[in-house]
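Here, each number is a calculation from the coordinates, and none is a lab measurement. Here the structure is a predicted model, which means the values were calculated and not measured. Using ideal geometry, Cβ is built from the backbone for each residue, glycine included, and neighbour counts are taken over all protein chains shown.
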Amino acid sequence: MTDHQDTKINRLSGIAVSSGIIIGKARLVDRSREKIIYEYLIQDGQVNREVERFKEALNTTKEQILSVKNRMPDQIKKHAFILDTHLMIMNDSMITDSTINTILEEKINAEWALKKSIQKVRQLFEQADYDYVRDRINDVVNIGERILRNLAGKEQESLSEIGERVIIVAHDLSPADTSEMNIGKVMGFITDVGGRTSHTAIMAQALELPAVVGLKSVTKQVQDGTLLIVDGYTGEVIIGPDDDMIIAYQEKELQHERYRSSIIQLGHLPAETVDGHRLSIKANIEFSEEVVSAKDHGAEGVGLYRTEFLYLRSRDIPSEEELFEDYRQVAEIFCPSPVTIRTLDLGGDKFSSDLDLSREMNPALGLRAIRFCLREPKIFKSQLRAILRASTYGQVQLMFPMISGLQEILDAKKILKEVMNDLDHENVSYDRDIKIGIMIEIPSAVIVADILAKHVDFFSIGTNDLIQYALAIDRVNEHLAYMYQPYHPAILRMIRQVIKAAKDVGIKVALCGEMAGDPFCTAILLGLGIDELSMNAVSIPLVKKIIRSISMKEAMSDLKDIFQFETAKEVREFIIEKMEPLIPDEIEKDFYLKTSAKNSILIKN
Amino acid sequence: MELIKNLKIVNELGLHARAAARVVELTGQYRSKLFFKKGDHEVDGSSILSILTLACPRGSEIQARIVGEDAEELMEKLGELFQKRFDEIK
């Protein structure tokens, strides 16, 4: 790769998803996209060396694929054949013999020859009058890229080996990538794709690291070591800034820090409106280490403990004991405040890795969460046992994700009952009255919320997925980020309907999506009668401050207006006018205006 | 020895990658050479990519040609593999 330094200052604008300003060096995490591969003619004497180099790269690739195969967690072992097929493709004469022959005959370097072979296969596949075959081009390209990377002598990227503190620049990051990272060395993230609820965003918020996504082609404009300013409030990224800019941004960050430390003290006051209506404000956490930050920011418990991290952190499925220890810790720290543990939400995009084992066209609609757990009862039971065992150490609640109808609740409860019986037989104690709730995040669950409400102890509305499913948008497609509209009348009506269904039978209803932590949404949710908001810890102080400065009466009367509006745009304009004066800090205001409260009139990319 | 036989793809997914992989695996165990022909396009039966280029959805018919000393046994095993739908799990 060339070391040419671009002196031109370049400003990019993306979607700010996690606040803060960072100034640092770029570390490109490039999964082979658009890599420069040198192509050159070789001398007669170099031919053998070139062939050897190619064979070595094949060997390395083979070892890598075998090692990935060996590290596969048990529950996806059945997909191992994909890797076997990849190996077979790699060894195919159309790749191996063809490349070697091209090197010999055309006297070109191995990279070039390999690219030609791949190109040939691609052409043949593209001509095929059969979608299935055309779709296999990706497998061939994937394998080809792997060999190319090994030819170039480039180490397969592993994020665990980062040295100095850097800003991670990537096309996209999977949770597997982030869970492998040495987080202490990461200042923040910027990516080409993604939206407000992409996993990069969620991880960055959980880690309290600034992040900007949806920058389109930042990976092509930045090289390892390029100096960057990343503004996680506005979504601005400056490539190669000058000294004045650096100073200006340092000041901006300092000023915001002062504001943060002033508001953080408010976090420990109750979220009570001026007319005495009290809301419960809890934290969403991704891993147990976050409990400290959650408590610091004034969380009254954990409203959503996403439990995927332990499963992603290691290659193997974590043991029941490991899970139990983790859950017990969180339960104990927050005791007597409740901790809602959501069962495994794996599958879909969370499982995607370099080799894309799932091969699902629509991972978000695929085999994941409760569907996955019901199909893999062994994995599910081990987690349920860990949760139940932890329940005697605090106030633990159990929550099932991705419920689409009653049957899944019944099936999940049946398995839970079996686990309880087992524990009884083993004389292991657990909280027999453990509260069982569900995520409301699939539109069908909204429609039958009245039915579901009779079978559970609480609801938690997961607006990230609900908005995505209801408005039929792909959460990682940055071209659709503008469609992610919490203020869409359909979404507001859905939330209203769920709350009503819950109230009718007297169960509690929480909301744990991004909307919960968006200060512009606070009054609407309050007025709609939500019992609990669960959000990223950093959002808690401001949301509490807003609740403490408004009245339930006013929030309810505003709702009448809000439900008259027919478009998200009208709702949004109304809300901004109402809420803006309540948000004291310009940076914070900017951040929410440009991100979650954003709608079609403010397309950012 | 040269043997020629027409084979029909009866499995749901057609002659997909996994099925082709099974064929390549099988061929690798014999000394004979296997060729597949569909229309006037003939390919090497020991190359998964070549087999895929034949593009055979369910119901298509291809001609297998085997040349070599153990052609008979390979043809028999190949026929079985096609018949049991490449062990496809549905």
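Dividing the alpha-carbon Rg of the range A:272-551 by 2.2 N^0.38 Å yields what?
Ratio of Rg to 2.2 N^0.38 Å for the range A:272-551: 0.97.
Could you point to the residue in A:Ser460, A:Gln485, A:Phe520 farthest towards the positive end of the range A:454-605's charge dipole, with +1 and -1 charges on the Cβ of Lys/Arg and Asp/Glu respectively?
A:Ser460
Can you pull the one-decimal nm distance between simple spin-label points at A:Arg49 and A:Glu322, each 7 Å off the Cα toward Cβ?
Taking the two extended label points, one gets 4.6 nm.
Where nothing but the Cβ of Lys and Arg (+1) and of Asp and Glu (-1) is charged, how large is the charge dipole of the protein assembly as shown around its Cα centre, in debye to the nearest 20?
Around 1180 debye, computed over the protein assembly as shown.
Given axes a ≥ b ≥ c from the Cα gyration tensor, I'd like to know whether the range A:44-151 is rounded (a/c under 1.5), prolate (a/b larger than b/c) or oblate.
Here the range A:44-151 falls in the oblate category.
So for A:Tyr259, A:Tyr592, A:Tyr130, A:Tyr305, fewest C-beta neighbours within 10 Å to most, what's the order?
So the residues, fewest neighbours to most, are A:Tyr259, A:Tyr130, A:Tyr592, A:Tyr305.
Here are some pairs, A:Lys378/B:Lys8; A:Lys216/A:Lys560; A:Lys435/A:Lys503; which of them have Cα atoms lying more than 28 Å apart in this structure?
A:Lys378/B:Lys8; A:Lys216/A:Lys560
In straight Cα distance, which aspartates and glutamates are under 12 Å from B:Lys37, not counting same-chain residues fewer than 8 positions off?
B:Glu61
In sequence order, what are the phi-derived ³J(HN,Hα) couplings for the range A:414-425 according to the Karplus relation 6.51 cos²θ - 1.76 cosθ + 1.60 with θ = phi - 60°, rounded to whole Hz, with x for glycine and proline?
Whole-Hz 3J(HN,Hα) from phi for the range A:414-425: 5, 5, 4, 4, 4, 5, 4, 4, 4, 5, 4, 4.
Return the percentage of antiparallel bridges among DSSP beta bridges fully within chain A, rounded to the nearest 5 %.
For chain A, the DSSP antiparallel bridge percentage is about 35.
Given H placed 1.01 Å from N in the peptide plane, which residues other than close sequence neighbours of A:Ile167 have an amide H under 5 Å from its amide H?
Amide H neighbours of A:Ile167, under 5 Å, 5+ apart: A:Lys25, A:Ala26, A:Arg27, A:Met187.
For A:Lys508, what residues show an amide H to amide H distance below 5 Å, using hydrogens built from the backbone and excluding near sequence neighbours?
Amide H neighbours of A:Lys508: A:Phe459.
Pairing the Cα long axis of helix B:17-28 with the longest principal axis of chain B, what angle in degrees results, from 0 to 90 and rounded to the nearest 10?
Between the helix axis and the principal axis of chain B, the angle is about 10 degrees.
HN-Hα J couplings of the range A:546-553 from phi, Karplus 6.51/-1.76/1.60, θ = phi - 60°, integer Hz, Gly and Pro as x?
Per residue, the Karplus-derived 3J(HN,Hα) values read 5, 4, 6, 10, 10, 10, 4, 4 Hz.
Let me know the shape class of the range A:203-290, please: from the alpha-carbon gyration tensor, a ≥ b ≥ c as square roots of the eigenvalues, rounded when a/c is under 1.5, otherwise prolate if a/b is greater than b/c, or oblate.
prolate
Could you point to the residue in A:Ile333, A:Ala283, A:Ile495 farthest towards the positive end of chain A's charge dipole, with +1 and -1 charges on the Cβ of Lys/Arg and Asp/Glu respectively?
A:Ile495
How would the range A:453-550 be classified by its alpha-carbon gyration tensor: rounded, prolate or oblate, with rounded meaning a/c under 1.5 and the a/b versus b/c comparison settling the rest?
Cα axes put the range A:453-550 in the oblate bin.
Considering only A:Leu388, A:Val186, A:Thr200, whose Cα is most displaced toward the positive end of the charge dipole of chain A, charges sitting on Cβ of Lys, Arg (+1) and Asp, Glu (-1)?
A:Leu388
How much of the DSSP bridge set in the range A:272-551 is antiparallel, in percent, rounded to the nearest 5?
Percent antiparallel among DSSP bridges in the range A:272-551 is about 5.
Per residue of the range A:258-272, what does 6.51 cos²θ - 1.76 cosθ + 1.60 with θ = phi - 60° give for ³J(HN,Hα)? Whole Hz please, x for Gly and Pro, Karplus curve as stated.
4, 4, 4, 5, 6, 7, 4, 5, 5, x, 8, 7, x, 8, 10
Using a simple charge model, +1 on the beta-carbon of Lys and Arg, -1 on the beta-carbon of Asp and Glu, nothing else, what dipole does the range A:44-151 show about its Cα centre, in debye to the nearest 20?
340
Using only helices, what value at 222 nm comes out for the protein assembly as shown when you add -39,500 (n - 2.57) per DSSP H run of length 4 or more and divide by the total residues, to the nearest 500 deg cm²/dmol?
That calculation yields -13500 deg cm²/dmol at 222 nm.
What is the total of Lys pairs in the range A:44-151 with C-alpha atoms under 29 Å apart, excluding same-chain pairs fewer than 8 positions apart?
Taking the range A:44-151 as the scope, the lysine pair count is 20.
Could you pull out every one of the aspartates and glutamates with an alpha carbon less than 12 Å from that of B:Lys77, ignoring same-chain neighbours closer than 8 positions?
The reachable aspartates and glutamates, counting only those whose Cα sits under 12 Å from B:Lys77, are B:Glu25.
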